[in-house]
Structures are given as C-alpha cells and as structure tokens.
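Read the structure below first, then the notes.
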Amino acid sequence: MRGVAGPMADRTERVKREVLVLVALALVVDAVFVVGFYAAGLAHASAVTKVIYTAAWTVMTMLVVLRGLTRIRGLRSGPGP
C-alpha cells in the first residue's frame with residue numbers, strides 16, 4: 001500500500017499548491033486594481049468610467065480564477081496513480 005499513498009500524496013500536494021497559487025493570484029489582481037483605482041483618481045470619475053473599470057476588474061479576476069480552477073480540475077481528474 002505504500003506505493004499507492006505516494007502518488008496520491010503527491011497529487012494532493014500539487015492540488016494544494018495550485019489552490020494557494022489561485023488565491024495568491026486573485027489577491028494580486030485585487031491589489032493591482034485597488035491601487036490602480038486610487039492612483040488613476042477614479043474615486044472622482046464618472047459613474048460610467050467606474051463601471052468600465054469594475055467590468056475590467058471582474059473580467060481579469062474571472063480569467064485568473066478560471067485558469068486556476070482548470071489546472072486544479074486537471075490535477076484532480078488526471079490519470080490515476
């Protein structure tokens with residue numbers, strides 16, 4: 001049974017690492033957009049500008065999350081040990 005636990009533990013560690021990367025990248029995207037919001041002076045911008053900025057922020061977050069979840073799903077459903 002020792003041979004089975006090794007590959008399963010390795011897969012679990014890779015999944016955990018990808019989850020941490022996913023969370024870290026999502027936080028980085030948020031930090032970049034928050035800093036960008038204030039650096040560009042968007043707090044005083046028109047409502048339309050704020051909506052466009054928020055839409056761009058949402059799309060970037062979605063792309064990062066979809067990338068991470070796709071990688072995690074691939075690791076979890078990949079070939080068995």
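The values are calculated or read from the model by the stated rules, or taken from the named source; none is laboratory data. The structure displayed is predicted, hence computed values, not measured ones. Keep in mind that these areas ignore ligands, DNA and RNA; they rest on the heavy atoms of the full protein, side chains included. Shrake-Rupley method; radii C 1.70, N 1.55, O 1.52, S 1.80 Å.
Atom-type composition of the exposed protein surface of the chain places 72 percent of the accessible area on carbon and sulfur (1.4 angstrom probe). Ligands, DNA and RNA are left out, and with a 1.4 angstrom probe the accessible area of the chain is 74 Å² per residue. Multiplying the residue separation of ARG11 and MET62 by 0.36 nm and subtracting their alpha-carbon distance yields 15.9 nm.
If the segment from VAL32 to ALA47 were pulled out straight at 0.36 nm per residue, it would be longer than the present Cα-Cα gap by 3.4 nm.
Taking 0.36 nm per residue of separation and subtracting the Cα-Cα distance, what length does fully extending VAL21 through THR70 add? Let's see the in-between values first.
Working: separation 49, 0.36 × 49 = 17.64 nm, distance 1.26 nm.
Gain on extension, VAL21 to THR70, equals 16.4 nm.
Here, P(r) means the percent of Cα pairs in each 10 Å bin from 0 to the largest distance; for the chain it is 16, 34, 22, 15, 9, 4, 0.
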